[in-house]
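Chemist: So that we are looking at the same thing, I have put the structure below in structure tokens.
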Amino acid sequence: MDLRTLFSEHLAERLAWASRALADTGYEALVISSGQPYTHFADDQEAPFRSTPHFVHHCPLRGPHHVLKVEAGKRPLLIRYAPEDFWYEQLPLAALWGGEPFWLASFDLVECATLDAVWETLGKPSRAAYIGNETDRAGAAGLDPNPASITAFLDWGRSFKSAYEVRCMEEATVLGARGHSAGRAAFLAGASELEIHHAFAQAVGCLDHDLAFASIVALNEKGATLHYEGKRTFRNGKTLLLDCGANVRGYASDITRTTPGPGCDPRFAALVVGMEKLQQELCAEVKPGLSFGALHHSSHLKIGALLQSAGILKAGPEEAIAKGLTRAFYPHGLGHHLGLQVHDVAGKLAGPGGDLQPPPPEHPYLRTTRTIEPRQVFTIEPGLYFIPMLLRPFRGNEHAALFDWKLIDELIPCGGIRIEDNILVTEHGGRNLTREQLPT
Ligand code: GLY
Ligand code: MN
Ligand code: MN
């Protein structure tokens, strides 16, 4: 199906959902702005701009200060901020999109050259909820800024991806896989963290800030820093943990591969093989009706078994979990929802009403406690790391004898392992979007 048809079906579903949100919460209109950029303190420089995700959920037009008005039963009004400017390039829509944008026919469009004109065009809709960060202007227009009832409702709706969104994420996966292949090849040729990052961005074909998130390019021991963002320049690392994704029309891919290189400790390389096997088993366990928490528990059982078979732990998986030993090697959650944000919203919601279902106290970093349902997209990303800070308390406590400390100390320079795929839930199970493009 072409993008125009996919998008118009996507928007129809979004408008129906927004109408339900309005009816349930007592508002009559929903106003969403793409938002204003953040300006660094005491500076005239802005942080790279990211649109309000709820705006992108309804309209892929890029750039700040656009405003969208949605009312039940009406065509949505898109007010595009399009200033005349000689400091920064401003282009007509057709030039920006290389022809008429595929989404344009779905909106009534008004173009405004000034911010005042944007908000005058919007007027003062009665009983309107506003989503975005231009809260001063929204307040002056009499709008109710970011009411929790509406944001929860909209967040919940973001959990169920339309065919248009799946298309965007498929494209982001193609680019992410291309970047990963280039990054891995650069690593195996001896490249530094900085060079591997450049190889990834070059293959994706974008600027750093247009990637889905700050790239994680970790050689050796830095693989044990979960969100390591440094870019060192030494070459010929022995292990690479590469966690990078691309962004297409606002939608992310989030892919991790761990590659043992020349000179890598063979015991670490064997752990990577074991992690690959168990990660694929976990992907195969995805099915509607299962709780994500149960899958997370399954991942601890498998990682506990791997630690035991490698001789790192001298306890079986059940005992290792009960004593908190697996969490010392695997402190994060198995995965998170993925979409307009890398760590997408609504992972801990119990429903559109906004009630929360928090993770259990022993798994505080679990980012989703949801029941698995068709049309969700989430990551499956088990990890196994040698993190000195987390291991330290066990060296002297009552469980110390259950660890092989000599082996652990020899593996600490290898950092850690994470393997991450993006899964679309179907009626029958999981569709692994990542492996379709990046089989290993
Ligand atoms: N890329 C960050 C994460 O996997 O959560
Ligand atoms: Mn992730
Ligand atoms: Mn990731």
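Chemist: Sequence-distant or interchain residues sharing an amide H contact under 5 Å with ILE131, placed H: which?
Modeler: VAL31, ILE32, SER33, ASN146
Chemist: Right, here's the next one. May I ask you to list the aspartates and glutamates whose Cα is less than 20 Å away from that of LYS231, ignoring any residue fewer than eight positions away on the same chain?
Modeler: GLU193, GLU195, ASP208, ASP210, GLU221, ASP243, ASP254
Chemist: Principal axes first, then extents: for the Cα atoms of segment 294-440, list largest minus smallest coordinate on each axis, whole Å, largest first.
Modeler: In descending order, the Cα extents are 47, 37, 25 Å.
Chemist: For LYS74, which lysines qualify as cross-link partners when the Cα separation must be under 27 Å and same-chain residues fewer than eight apart are set aside?
Modeler: List returned: LYS124, LYS161.
Chemist: Counting only residues 5 or more places away or on other chains, whose amide H sits under 5 Å from the amide H of LEU349 once H atoms are built in the peptide plane?
Modeler: GLN357
Chemist: So if I take the centroid of the Cα atoms in segment 329-369 and the same for segment 244-316, what is the distance between those two points in Å?
Modeler: 18
Chemist: Mind pulling the angle between the C-alpha long axis of helix 163-188 and the longest principal axis of the chain? Nearest 10 degrees, somewhere in 0 to 90.
Modeler: Approximately 40 degrees, to the nearest 10.
Chemist: Would you mind telling me the antiparallel percentage of the DSSP bridges in segment 18-119, rounded to 5?
Modeler: If we restrict to bridges inside segment 18-119, about 65 percent are antiparallel.
Chemist: What are the lysines whose alpha-carbon lies under 28 Å from the alpha-carbon of LYS406, with same-chain residues fewer than 8 places away excluded?
Modeler: LYS222, LYS238, LYS277, LYS302, LYS314, LYS323
Chemist: Taking θ as phi - 60°, what are the ³J(HN,Hα) couplings along segment 223-234 by the Karplus curve (6.51, -1.76, 1.60), each to the nearest whole Hz, with x for Gly and Pro?
Modeler: With the stated coefficients, segment 223-234 comes to x, 8, 9, 4, 10, 5, 10, x, 9, 6, 10, 6 Hz.
Chemist: Continuing with this model, one more query. Using only the Cα atoms, work out Rg/Rh for the chain, with Rh taken as the Kirkwood radius, to two decimals.
Modeler: Here Rg/Rh amounts to 1.01.
FYI, it's all coordinate maths here, none of it is from the lab. Quick caveat, the model's predicted, so the values are computed rather than measured.
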